[in-house]
Amino acid sequence: MSESNQPTTLERTPFFRPRTFLVGLLAGLVLCSAIARTVSQRSYHRGFLRFFPAISPEAQYYPTIEEMRGIVRTACRPDQVLVVVGGNSIFNGVGQPPEKLWTVELQRLLGDRYGVVNLAFRGAMCTDAGAAVAESLRHEFPRQIYIANSAPLAPPAPYGLEPYRYMIWEARSRGLLETFAARDALIADYKRDFMSWGQRFDVWGLGWLDRGLRFRDLWNWVGYRYIFTIRNPVTPHMMAAVWPRRDFEDHESDFEDIPTSDRFRPENNDIEMKITRAFSQHFLLKDWKGNWRPIPLLQREFEGAAKGAFPDDLKARTLIMLSRNSSVYLRQLSADELRREDAAYSYGVAEWKKMGYASADYGRDYEDGDFGDRTHLTATGGRKLAAQVADQVRQISMNLGYLGQTTSHP
């Protein structure tokens, strides 16, 4: 036998056969995908109330759409009206420990006919995270209300905001969101104007692979239950960096433990006032009568974004609450600035309603003690917000005929 016809050592060894390896690899991928699909059907989060830093992108933990859908299924029964809370750190409840969280109070006020799930994240927009999860569950929980907060006349972004934009891409790649022309056009414009070819390919490729393999769901389950392997700003040192995420508690500090004088420090006043004024000064101008009016170009921009932010059939069940700043800073505004401020919120609420949403603002008549800083609420402020939102939720439920139904299907 010639040397060229003799089997190689790799081919002769009983410990490796290419076909066996490929079959084993395929079987392993199928098994891992099956495990990921199974574990994400229901929540594996212990006593979930919200996403706190150790289980958020702040700690390199990126909750998946299926993971959050599982949280909703565990928290809300089919016979309840689902209430999903999205938005930013205000609605997440920064400054409110778990036992004082405003969405816990909201659940208490609404009672057993409703199931409240807080999917807000620090720095998120009204179109991020909770919005995608609620829409993806529109058939499974057709009696649902989505709530999020925003600033007056600030255009929503249907393509999401970093670092939460991946949730929108993930939901779209899995076919969980509606086909809605106005939103699709805005997303296409964003991809064309702000994403390179390589970035667009990366989004498509990762979405395609994860749709089949579900590696993100599997990784999060392993990272939450067994071991985490990424050092991050929340756990920068070993051994805490490798602890499973379930070993971390929600230790949110309590604004009510901080004296009011320390919440609103004089050295921060100038920058906080600059931010407060910006909530209205960039969107409104005076007309010839001296009345504050929205700048037409910005108004059209807002209306275009709001029109495409949510599908038309979901707008009536979407409540956008406009967040006001603390009375500590509002009373430092001049009379004319305060008129501009009120006009901005009045126009903001009216614009959202004109686009088909439910909307209201909050905080105008709140007291100093209701705020932990310029924008975040203390537990007392959270209770006031919960009472306002509960009234809005009941009204939306009545308008949509939810309260006369005994099952999840209309």
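Structural remarks
- Residue with peak Gaussian network fluctuation, the chain [Cα springs, cutoff 10 Å], from Val104, Val393, Val84: Val104
- Counting only alpha carbon atoms, the long axis of helix 379-399 and the longest principal axis of the chain meet at about 80°.
- Distance from the range 341-410 to the range 228-259 (C-alpha centre basis), Å: 31
- Gain upon complete extension [Phe194, Ala335; 0.36 nm per residue less C-alpha separation]: 46.7 nm
- Close amide H pairs (under 5 Å, H built 1.01 Å from N) link Tyr114 with Val81, residues at least 5 positions away or on another chain.
- Restricting the calculation to alpha carbons of the chain gives Rg and Dmax of 24.5, 103 angstrom.
- Ordered by the count of other Cβ atoms within 10 Å of each Cβ, fewest first, Ile90, Ile275, Ile147 give Ile275, Ile90, Ile147.
- Positive minus negative residues near Phe248 (Lys, Arg vs Asp, Glu; Cβ under 15 Å): +1
- q = 0.17, 0.18 Å⁻¹: log10 I(q)/I(0) that the Debye formula gives for the range 126-226, counting C-alpha atoms only: -0.92, -1.02
- Residue order for Asp128, Asp287, Asp361, fewest other beta carbons within 10 angstrom first, comes to Asp287, Asp361, Asp128.
- Rounded to the nearest 500, the helix-only mean residue ellipticity at 222 nm of the chain stands at -14000 deg cm²/dmol, with each DSSP H run of n ≥ 4 adding -39,500 (n - 2.57).
- Rounded if a/c under 1.5, otherwise prolate or oblate - the range 35-171, Cα gyration tensor axes: rounded
- Cα gyration tensor shape for the range 294-406, rounded if a/c is under 1.5, else prolate or oblate: oblate
- Take every Cα pair under 8 Å whose residues are at least 6 apart in sequence, average their separation, divide by the length of the range 269-334, and the relative contact order is 31 percent.
- Short-range pairs are left out: with C-alpha atoms under 8 Å and at least six residues apart, the relative contact order of the chain is 22 percent.
- Distant alpha-carbon pairs in the range 183-247 (separation over 16 angstrom), percent: 63
- Here the residues Cys126, Cys76, ranked from fewest to most Cβ neighbours within 10 Å of their Cβ, fall in the order Cys76, Cys126.
- Overall form of the range 239-374 per C-alpha gyration tensor (a/c, 1.5; a/b vs b/c): oblate
- With contacts taken as Cα pairs under 8 Å and at least 6 residues apart, the range 222-370 reaches a relative contact order of 22 percent.
- Compared with the dominant principal axis of the Cα atoms in the chain, helix 269-281 is inclined by about 90°.
- Magnitude of the charge dipole, the range 128-261, Cβ model with Lys/Arg +1 and Asp/Glu -1, debye to 20: 740
- Net charge of Cβ neighbours under 12 Å - reference Tyr226; Lys, Arg +1; Asp, Glu -1: +2
- Rounded Å value of the spacing that divides the Cα centres of the range 275-334 and the range 124-154: 19
Each reported figure results from applying straightforward, stated rules to the coordinates on display, with no laboratory input. Owing to the predicted nature of the structure, the values given are computational and were not obtained by experimental measurement. Backbone-built Cβ (ideal geometry, glycine too); neighbour counts: all protein chains shown.
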